[in-house]
Amino acid sequence: MNIDDRIERRLDGEPGTGVFVDFDAVSPVSHVDSPAGRGPMIERLLDAFQPALSGSAPPTVYVYGPKGSGKSAVVAALFERLAARGGPRRAIQTTTRAVEPAVPGFAYVDARRASTRFRLYRALLSATTDEPVPGRGVGTDELTETLRGAVRTGPDLVVAVDHVGEPGTPSPAALREWLADAGEGLVPACIGRDPPDAVDWEPDATVEFATYRRHVLVEVLTSRCSTGLGRDALSHAQIRDIVEWAAGDAHDALAAVTGAAVSADRAGASTVRPTDVDAGIDAVSRPCVALGRVLALAESRRRILYELAALPDEARATVSAATEAVAARPDVDLSPSTVRRVLYELSDAGFIRRETVRRGGKGRPPSRVVPRFPTTAFRELFDRDARST
DNA sequence: ACCTGGTCCCGGGCTCGGTTTT
DNA sequence: AAAACCGAGCCCGGGACCAGGT
């Protein structure tokens, strides 16, 4: 947050004494313009893309590393800058331009929201053209031709596809093929968690992200909290405790901070108390699914998880009980049969865990339903999203 | 044998953009 | 110009069948 924003905030009448000042600054799903403590990684990425920047053909690049190590934050920020500094958007023909721009275009796509060919092409079209892109009622082949047309002229386009190879997102090999089908100049740069030898794709270059070191993650949280939370709302010691617990995972750490701040906010406190830190940490299961995955789900699935996260323990004791409780909520308009099926689907995809409980009854023993995502942070994001629309 | 939980699959229908007919 | 129609992707609902327990 720059000085103007800070002044603006005071002009809006916010005294700056609440817990939250800028929710997005601490939210695990929003990426900041300049990620703290990751300068060396930006250099490594620029090294990998150097050929493209000096006029040669762009290389294919694979960026990998564990969850919460800053891959998305750094690559998204870098590609945004590269795209902004690149030539005009490709759909805009610049016949007056004397020399073809030597530097390729750059685009960032989240595979979680582009999990099919149709959706990938759609995402690319809206990234490269200003025209509205149809979301339904049009065939994939037709969309392919539209994209081919938009890409045929102009420089190459480096497409960073984030979160490849997760459950529900395409593999690098599938993406390479999809991009090749849609034009010559589309060069993939995939970002995933699997090491290169476990991936069905041979990139020209690889860049590895390592887990955050403790002191760097402290730096990240301190920076985020200084803009996102009220002054001294979270003490240095508390930040260190959360970092210690998070074991280098920035996503989990930020989710815990968000949960702690929500807890304090609800209690009307102006600073985060020890019980709030405990509550914040408790609401983040370990291991846990990234919030970005939860938010990329269809609206009906998000609604089910939202309701599920607020159920008391006994209502989650069996899948049947959870089904009944969720389906009975007024805002859920799915049939119990569908809720049940979706719960099993979400369990398969890792969003919830089923723990079989021994019980003296007849038949196969049921299993308890446990959320595997940051519950408080998700519910807060869900509420804020509902309020803004 | 019987019961309940879990897996898998697919037809139908919804919504939306594009096309043809009125 | 409006209305009717068509076809695309995607979601919902439900049922057939399998698994694991008494």
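Things to note:
- Residue among A:G165, A:G105 that is more than 19 Å from the chain's Cα centre (by Cα) and more than 16 Å from DNA strand C (Cβ to nearest atom): A:G105
- Residues of the stretch A:104-122 satisfying the condition of being within 16 Å of DNA strand B (Cβ to nearest atom) and of a type in the set (A, V, I, L, M, F, W, C): A:F118
The rows are residues; the columns are (1) within 14 Å of DNA strand B (Cβ to nearest atom); (2) charged (D, E, K, R).
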| site | (1), (2) |
| --- | --- |
| A:V294 | no, no |
| A:T323 | yes, no |
| A:D331 | no, yes |
| A:P365 | yes, no |
| A:R379 | no, yes |
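- Among the residues of the stretch A:266-290, those that are in a loop (DSSP other than H, G, I, E, B), more than 23 Å from the chain's Cα centre (by Cα) and surrounded by 17 or more Cβ atoms within 10 Å (Cβ to Cβ) comprise A:T271, A:V272.
- Residues of the stretch A:129-157 satisfying the condition of being of a type outside the set (K, R), outside any loop (DSSP other than H, G, I, E, B) and more than 17 Å from A:A76 (Cβ to Cβ): A:T140, A:D141, A:E142, A:L143, A:T144, A:E145, A:T146, A:L147, A:G149, A:A150, A:V151
- Selected residue (criterion: modelled with the highest pLDDT) from residues of the stretch A:67-88 that are surrounded by fewer than 16 Cβ atoms within 10 Å (Cβ to Cβ) and over 18 Å from A:E43 (Cβ atoms): A:A84
- Test result for A:V342, within 25 Å of the chain's Cα centre (by Cα) and β-branched (V, I, T): yes
- Test: A:Y121 is in contact with a helix residue (DSSP H, G or I) (Cβ under 7 Å, 6 or more places away or on another chain), hydroxyl-bearing (S, T, Y), buried (at least 18 other Cβ atoms within 10 Å of the Cβ) and not in a helix (DSSP H, G or I): no
- Considering residues of the stretch A:297-354 that are touching an Asp or Glu at 6+ places or on another chain (Cβ under 7 Å) and of a type in the set (A, V, I, L, M, F, W, C) only, the residue nearest to DNA strand C (Cβ to nearest atom): A:V332
- Residue in the stretch A:369-389 that is of a type in the set (D, E, K, R), surrounded by fewer than 18 Cβ atoms within 10 Å (Cβ to Cβ) and more than 26 Å from the chain's Cα centre (by Cα) present: no
- Selection status of A:A321, more than 18 Å from the chain's Cα centre (by Cα), over 25 Å from A:V277 (Cβ atoms) and of a type in the set (A, V, I, L, M): yes
- For the criterion of being within 29 Å of A:G248 (Cβ to Cβ), among the aliphatic types (A, V, I, L, M) and part of a loop (DSSP other than H, G, I, E, B), A:L297 passes.
The values are calculated or read from the model by the stated rules, or taken from the named source; none is laboratory data. Everything quoted here is computed from the prediction, not taken from an experiment. Positions of Cβ are backbone-derived with ideal geometry, glycine not excepted, and every protein chain shown enters the neighbour counts.
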